Each structure stands twice: as C-alpha cells, then as structure tokens.
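First the structure, in the form of structure tokens, and then the observations on it.
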Amino acid sequence: MMRAIRRLFAALTVALLAFRAVGSFLSWIEKQEDTAANAWIDEDEYEDV
C-alpha cells in the first residue's frame with residue numbers, strides 16, 4: 001500500500017513539473033515572437049538612403 005502511495009505521489013509530481021515546463025516553454029515562445037518582429041531590419045529601407 002505504501003509503495004502505491006509513493007508511486008502516485010511521484011506520478012503527480014512529474015505531471016506537475018511537466019505542466020510547468022510546457023507553460024514556461026510556451027511563454028518563452030510568445031516572448032520570442034514578440035521580439036522577433038522588432039528585430040528584423042528592412043534592408044531595402046537603408047538602400048534608398
């Protein structure tokens with residue numbers, strides 16, 4: 001019985017950590033998408049000058 005409780009606790013812990021990792025990754029992707037739009041330089045704009 002004790003082994004089953006430990007395995008259940010371990011499974012819940014792993015699931016929680018995986019959920020947090022996916023959330024952090026998706027948050028990081030959103031930040032990358034926001035900054036990537038500002039990072040591109042329009043080279044044609046500088047050629048006209």
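The values are calculated or read from the model by the stated rules, or taken from the named source; none is laboratory data. Please read these numbers as outputs of a predicted model, since none were measured by experiment. Here the Cβ positions follow ideal geometry from the backbone for every residue, glycine too, while neighbour counts run over all protein chains shown.
For the range 28-41, the criterion of being at pLDDT below 95, hydroxyl-bearing (Ser, Thr, Tyr) and over 13 Å from the mean Cα position of the chain (by Cα) is met by at least one residue. Just one of the numbered conditions (1) exposed (fewer than 10 other Cβ atoms within 10 Å of the Cβ); (2) modelled with pLDDT of 65 or more is not true of Ala10: (1).
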